[in-house]
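The structure appears right after this line, and notes come after that.
Quick note: the coordinates plus some simple rules give every number you see, no bench work behind them. Keep in mind that this is a model prediction, so the values were computed, not measured. Here Cβ is always computed from backbone atoms with ideal geometry, including for glycine, and neighbour counts include all displayed protein chains.
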Amino acid sequence: MSFSLIDVFGFAGAACTTLAFVPQVIRVWRTRSAADISAGMYVVFIAGLVLWLVYGVLMVSWPIIAANCLTLVLAGAVLWMKWRFHRPSFAWLRPAGGSSVGTER
């Protein structure tokens, strides 16, 4: 497999855009906080990555395939941590007074 100068530019750009997600993943993992992360943005972004990945596969463009596979893993990790560290609280379902349903006498 031989790469052209165009592929070199593609891989360089792919490396930059993919590595840009690494600090975000590390920060969310270390702080265990993704409160400021927009889940909606990441869902749309991941959908875009999947579409780019399909495009790269159909075009047999290794820079596009590699970049989108790696970025998909990183963005998916951020979205997973958003869900994992910030599950919605269901405290509003509990009755007033702190008793749980079914424990009244």
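Once the chain from Ala12 to His86 is taken as fully extended at 0.36 nm per residue, the excess over their C-alpha distance is 23.2 nm. Among Val44, Val25, the order by Cβ neighbours within 10 angstrom, fewest to most, reads Val44, Val25. In summary, the stretch 5-86 shows an alpha-carbon radius of gyration equal to 1.16 times the 2.2 N^0.38 Å reference for compact globular proteins. Under the simplified labelling scheme, the Tyr55-Arg27 pair shows an inter-label distance of 2.7 nm, with each label point 7 Å from Cα along Cα→Cβ.
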